[in-house]
Structure formats: C-alpha cells, structure tokens
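A short worksheet on the structure shown next.
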Amino acid sequence: MDVAAAKALGAGIAVIALAGVGIGIGNIFSALVNSVARNPSARDQVFGIGILGFALTEAVALFALLIAFLILFT
Amino acid sequence: MAAEVPSIDALGQFKLHTVLGPIGGSVNFTQSNLMMVVAGGLLLAMLYVGARPRAVVPGRLQALAELSYDFIYGMCAEQIGDAGKKFFPLVFTLFFFILFGNVLGLLPFSFTFTSHIAVTAALAIMVIVLVTVVALAYHGLHFFTYFFPAGAPKLLAPIIVPVEIISYLSRPVSLSIRLFANMVAGHVMLEVFASFMVMMAGALGAIGVIGAVGPLALNVALIGFELLVAFLQAYVFAILTCIYLHDAVHLH
C-alpha cells in the first residue's frame with residue numbers, strides 16, 4: 001500500500017470517533033428538550049448548561065478531526 | 001488536468017513570520033504577537049472609552065462595558081461562591097483575551113493566536129499552577145486529601161489516588177487542546193472548502209463556477225458557526241477556570 005492511500009485510510013479511520021460524539025450531542029439535546037418541555041420556566045438556566053455540554057462534547061469531535069487533518073496535511 | 005491540480009495547503013495559514021520589518025525581525029516579533037497586542041489594546045480601549053462617560057443611563061459602548069463586567073462577575077459569583085470576587089480580574093482577562101483572539105482571527109488577513117498550542121498551553125498551565133497555589137494557600141497540606149474522597153473504602157486507595165492524580169494533571173492538557181483544536185479545525189475547514197471552490201472553478205470551467213456556489217454557501221454558514229464557536233470556547237475556558245478554582249477553594 002502506498003503512503004497516500006494509507007494516509008487517506010488513516011484519516012477516515014480517525015473520524016470514526018464522530019459516531020460517539022453524534023450520540024453524545026443527540027443525548028444532550030434530547031435531555032435539554034425534555035427538561036424544557038417539563039419545566040418551561042427553567043429554560044434560561046438549563047439552556048446555558050446544555051450549551052456548555054455541547055461545547056465540551058463537540059471538542060471531542062474536533063480532537064478526532066484534528067488528528068485526521070494532521071494525518072492528511074502533514 | 002492531473003498535473004495542475006492544486007493541493008490543499010491547509011496548515012500553511014498557521015505559519016509564523018516576523019512583522020514590522022527589520023525591527024520586528026531582530027526580536028522575532030511575529031504576526032501572532034502583533035494580534036495579541038491588538039487584542040489587548042482593543043480590550044483596554046473598549047473598557048476605557050466605555051467606562052469613561054459614567055452616565056446613569058449608559059450609551060451603547062458603556063452598556064457593552066457594563067454588560068461584559070456583569071457577565072463575568074455573575075459567572076465568578078455563581079461558580080466559585082463568595083471567594084469568587086477575588087478571582088474576577090483573572091477570569092475577566094482570560095475570557096476577553098481569548099474571545100478577542102478568536103474573533104479577530106476570523107477577519108480576513110488576520111491571524112488567530114489561539115490556534116497555536118504554545119499560546120493555549122501557556123494559558124492553561126498558568127491557570128492550573130494558580131489553582132494549585134490557591135488550593136495550597138487555602139488548605140495547606142490538607143489539600144492532598146483532594147486526591148482521596150472522604151468516605152471511600154481504604155482498600156480502594158491504590159486505585160483511586162492514581163486516577164485522581166491523573167485526572168488532575170490532565171486538566172491543563174484538555175483545557176489547552178480543546179481551545180487549540182477548535183480553532184485549528186475551524187480554520188482548516190474554511191480553508192478546505194475555499195480550496196474546493198478554487199479547484200472546481202479551475203478544473204471544470206463554467207459548470208465549475210456554478211458548482212462552486214455550494215462550497216461558498218457552506219463557507220458562509222461555517223463563518224457564522226465559527227463566530228459561535230469563538231464565543232463558546234472563550235466561555236468554556238473561563239467557566240472551567242471557575243470550576244477548577246471552586247474545587248481549589250472548597251475541596252470537593
């Protein structure tokens with residue numbers, strides 16, 4: 001296998017982590033929708049926490065993406 | 001076609017070069033340093049010009065200065081508690097330095113200094129050293145009970161203590177890499193889609209120009225998303241600093 005093909009494959013494998021991140025972000029927002037539906041007055045408080053959770057989970061996706069970029073472009 | 005396909009140089013945008021001619025060159029003053037100076041200057045100017053009128057009914061700039069003060073003050077008080085007032089200047093400076101760095105980096109021809117691990121790691125190490133010093137100052141040697149939660153079975157100590165120590169030491173790593181990875185990934189994504197545009201228009205002629213509207217639209221949406229991320233990452237950095245300080249002041 002030549003190096004270019006191995007790099008492309010490696011970058012593809014590196015972003016498998018995004019599956020977990022997708023589940024995680026889906027979980028966060030389903031919990032957010034649930035809690036706002038149950039208690040609409042808590043919306044402002046819960047929304048901030050939800051966005052924080054989203055940012056922390058999204059960072060994991062970006063770790064994987066960064067590894068893929070490093071494999072592809074360096 | 002095969003010979004002239006432009007390769008995507010996605011990481012070239014993060015290369016440092018000296019600015020300000022021979023004077024900057026002699027002290028290795030790079031565009032990253034220049035953007036830091038610009039960010040600091042803009043922040044100082046915003047606060048100075050904004051706070052000067054001292055009107056009862058604030059104008060736009062004064063409202064901005066007061067809102068930003070209030071926002072961070074509320075965050076400190078909420079997360080750290082009463083002791084949070086002491087750490088307000090640190091959190092305020094961190095938040096706005098990172099926010100200005102992230103947002104200024106989105107302007108054309110500018111540079112995102114938070115996209116360098118050296119910068120974010122320096123900030124994160126500063127935070128974690130400060131947190132440790134604060135914890136030692138508040139609790140003395142009692143601080144080391146932090147690594148073994150009260151009430152846990154003694155038998156588990158050989159497992160819990162190393163895990164807690166590793167989790168404590170991994171804080172600066174995750175703090176710095178989160179910010180750095182977000183910024184790098186965002187800018188690389190913009191660069192990749194911009195390269196798609198050039199490649200399509202170059203390779204396919206008229207059809208390619210029409211097709212290039214797709215990546216362009218995506219890039220416009222991505223810029224909006226990057227604005228959100230720029231704010232969010234500064235917020236996350238500041239709030240995690242607050243949470244770590246809370247741990248240091250209250251020990252669990």
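Taken together, the values in this text are just the output of simple stated rules run on the coordinates, not laboratory data. All figures in this text were calculated on a predicted structure; none of them were measured in a lab. Glycine also receives a Cβ, built like all others from the backbone with ideal geometry; neighbour counts cover every protein chain displayed.
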Checklist entry - Which Cα, out of B:Leu227, B:Ala248, B:Leu155, lies furthest along the positive dipole direction of the stretch B:2-250 (beta carbon charges, K/R +1, D/E -1)? => result B:Ala248
Checklist outcome for this item: For B:His142, B:His116, ascending order of other Cβ atoms within 10 Å (fewest first) is B:His142, B:His116
Item to check | Of B:Ile8, B:Ala206, B:Val56, farthest towards positive along the dipole that unit charges on Lys, Arg, Asp, Glu beta carbons give the stretch B:2-250 | outcome: B:Val56
Next on the checklist: Please check: in the Gaussian network model of chain B (C-alpha springs, under 10 Å), which one of B:Pro158, B:Pro215, B:Pro58 has the largest mean-square fluctuation.
Outcome noted: B:Pro158
Next on the checklist: Are there any trypsin sites (Lys or Arg not before Pro) in the stretch B:1-76 that are in a DSSP loop and have at most 16 other Cβ atoms within 10 Å? List them by number.
Outcome noted: B:Lys15, B:Arg54
Checklist entry - In whole Hz, what ³J(HN,Hα) sequence does the stretch B:207-219 give by Karplus (6.51, -1.76, 1.60; θ = phi - 60°), x for Gly and Pro? => result 5, x, 5, 5, x, 5, 4, x, x, 5, 4, 4, 5
Checklist entry - Hey, in the GNM for chain B with a 10 angstrom Cα cutoff, which one of B:Gly24, B:Gly105, B:Gly186 fluctuates hardest? => result B:Gly24
Item to check | With Cα atoms, 0 to 90° folded angle of helix B:60-80 axis to chain B main axis | outcome: 40
Item to check | the protein assembly as shown: radius of gyration over Cα atoms, expressed as a fraction of 2.2 N^0.38 Å | outcome: 1.16
Checklist entry - Which order do B:Lys86, B:Lys154 fall in if you start with the one that has the fewest other Cβ atoms within 10 Å? => result B:Lys154, B:Lys86
Checklist entry - For chain B, what does -39500 (n - 2.57) per DSSP helix run (n ≥ 4), summed and divided by total residues, give at 222 nm, in deg cm²/dmol to the nearest 500? => result -25500 deg cm²/dmol
Checklist entry - Using alpha carbons only, how many degrees (0 to 90, rounded to 10) separate the axis of helix A:3-14 from the longest principal axis of chain A? => result 20
Checklist entry - Top mean-square fluctuation among B:Thr114, B:Thr18, B:Thr241, Gaussian network model of chain B, C-alpha springs under 10 Å? => result B:Thr18
Item to check | Normalised contact order of the stretch B:2-250, rounded percent, pairs of Cα under 8 Å and 6 or more residues apart | outcome: 25
Next on the checklist: Output the 0 to 90 degree angle, nearest 10, between the alpha-carbon long axis of helix B:31-51 and the longest principal axis computed from the alpha carbons of chain B.
Outcome noted: 70
Checklist outcome for this item: Taking max minus min of the Cα coordinates of the stretch B:2-250 on each principal axis, largest first, gives extents in Å of 72, 58, 41
Item to check | Relative contact order, percent, the stretch B:106-182 [alpha-carbon distance under 8 Å, six or more residues apart] | outcome: 52
Checklist outcome for this item: About its Cα centre, chain B carries a charge dipole, from +1 on Lys and Arg Cβ atoms and -1 on Asp and Glu Cβ atoms, whose size in debye to the nearest 20 is 460
Item to check | Exposure proxy ranking, count of Cβ atoms within 10 Å, fewest first, for B:Ile80, B:Ile72 | outcome: B:Ile72, B:Ile80
Item to check | Whole-Å distance, taken between Cα centres, linking the stretch B:83-140 and the stretch A:42-74 | outcome: 19
Checklist entry - When you take every Cα atom in chain A, what is the radius of gyration, and what is Dmax, the widest Cα pair distance, in Å? => result 17.3, 59
